[in-house]
Amino acid sequence: MAVAVKLPDTDRKVGLNFVNWYLNGVSKNLKVKAYRTIILLVVLYECETWSVTLREERGLRVFENRVLRRIFGPKRDEVTGEWRKLHNEELNDQYCSPNIVRVIKSQKNEMDGVCSV
């Protein structure tokens with residue numbers, strides 16, 4: 001079963017809009033917890049059965065980075081003083097959890113271990 005990373009606009013925006021509308025004025029830690037417990041559960045439903053290509057992995061990383069950029073917001077550049085988007089490395093440092101592709105691969109490894117016993 002292949003995973004369809006190209007989500008329709010309404011489905012793709014659910015994660016981003018959830019962060020903006022429902023969690024406005026909420027701390028970043030709570031937004032991260034909501035992302036992990038609500039959005040990731042829906043996106044990764046039965047991911048252990050997926051056969052993910054490199055293109056689909058990239059699409060999942062792009063989705064995750066968009067949501068995390070909404071959670072953590074922009075950063076003021078120390079040199080110029082202008083606001084800018086966080087780079088992917090900065091997002092990974094602030095998120096402090098495995099990225100979505102690692103989660104999928106670990107789920108598949110766990111499932112392989114269960115099936116081989």
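Points worth noting:
- Residue in the stretch 17-27 that is at pLDDT 90 or above and either assigned to a helix (DSSP H, G or I) or surrounded by fewer than 11 Cβ atoms within 10 Å (Cβ to Cβ) (or both) present: no
- Test: residue in the stretch 29-40 that is at pLDDT 85 or above and either over 14 Å from the mean Cα position of the chain (by Cα) or not in a helix (DSSP H, G or I) (or both): yes
- Residue in the stretch 49-58 that is of a type in the set (Lys, Arg), part of a helix (DSSP H, G or I), within 20 Å of Arg36 (Cβ to Cβ) and free of Cβ contacts under 8 Å to residues at least 60 places away in the same chain present: no
- Selection within the stretch 43-73 - of a type in the set (Val, Ile, Thr) and within 14 Å of the chain's Cα centre (by Cα): Val43, Val62, Val67, Ile71
The values are calculated or read from the model by the stated rules, or taken from the named source; none is laboratory data. Keep in mind it's a predicted model, so treat the numbers as computed, not measured. Because the Cβ atoms are built from the backbone with ideal geometry, glycine has one as well, and the counts that use them run over all protein chains shown.
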